[in-house]
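A short worksheet on the structure shown next.
Just so you know, all these numbers are worked out from the coordinates, no wet-lab data involved. Everything numeric in this text was worked out from a predicted model, so none of it was measured. Note that each Cβ is placed from the backbone with ideal geometry, even for glycine, and that neighbours are counted across all protein chains shown.
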Amino acid sequence: MSSVNFNLPSTWIKFRPSLCEGCSALCCSLPLELDKEDLFRLELISEDELHGSLKKIAKRLQSQKVIKSFRAGTGLFMMAQKMDGSCIFLSDKKKCTVYEKRPRVCREFPKIGPRAGYCPSIKE
Ligand code: SF4
Ligand code: SF4
């Protein structure tokens, strides 16, 4: 049995690409923060909105339940999650449905993340 605990990064496994094969993609259940460029790439905001008020964007996306919150200090938006805690873009087959347009932090994980270089890999 795996001794990896999602909530305890100290138990995570040193990343190597082969780990992703058959993994339950717990990396897609970590808190996900996006900036406005991420939102634009995901086609969640228009070009006009990209150059407009972040608070207005936050209000709209919050009412559509796409984001959970917005931090004006950092300009970052916290994505909403499904009931099970996974990303709203993760399919039932544990595949990213927006892979080509995915946010910057997803592209850089696990180089950046709760424990750089490690991930909560668990085989299904
Ligand atoms: S948790 Fe790690 S091993 Fe699993 S899909 Fe994400 S990056 Fe790959
Ligand atoms: S956008 Fe894709 S890669 Fe990023 S957390 Fe969601 S499902 Fe995972």
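At-a-glance table
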| quantity | calculated |
| --- | --- |
| Residues satisfying the stated conditions in the stretch 73-124, i.e. in a loop (DSSP other than H, G, I, E, B), touching a Cys at 6+ places or on another chain (Cβ under 7 Å) and more than 13 Å from ligand 1 (Cβ to nearest atom) | 89 |
| In the stretch 12-32, the residues that are in contact (Cβ under 8 Å) with a residue 24 or more places away in the chain and part of a helix (DSSP H, G or I) | 19, 20, 26, 27, 28, 29 |
| Which numbered condition residue 77 fails, given (1) aromatic (Phe, Trp, Tyr); (2) free of Cβ contacts under 8 Å to residues at least 60 places away in the same chain; (3) away from ligand 2 (no atom under 14 Å from the Cβ) | (3) |
| Hits in the stretch 1-51 - residues which are over 11 Å from residue 121 (Cβ atoms), among the aliphatic types (A, V, I, L, M) and within 15 Å of ligand 1 (Cβ to nearest atom) | 8, 30, 32 |
| Yes/no for residue 89 being surrounded by 14 or more Cβ atoms within 10 Å (Cβ to Cβ) and touching a strand residue (DSSP E or B) at 6+ places or on another chain (Cβ under 7 Å) | yes |
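Residues are listed down the side, and each one gets a yes or a no for (1) surrounded by fewer than 14 Cβ atoms within 10 Å (Cβ to Cβ); (2) in a helix (DSSP H, G or I); (3) of a type outside the set (Gly, Ala, Ser):
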| residue | (1), (2), (3) |
| --- | --- |
| 40 | no, yes, yes |
| 44 | no, no, yes |
| 48 | yes, yes, yes |
| 57 | no, yes, yes |
| 62 | no, yes, yes |
| 65 | yes, no, yes |
| 68 | no, no, yes |
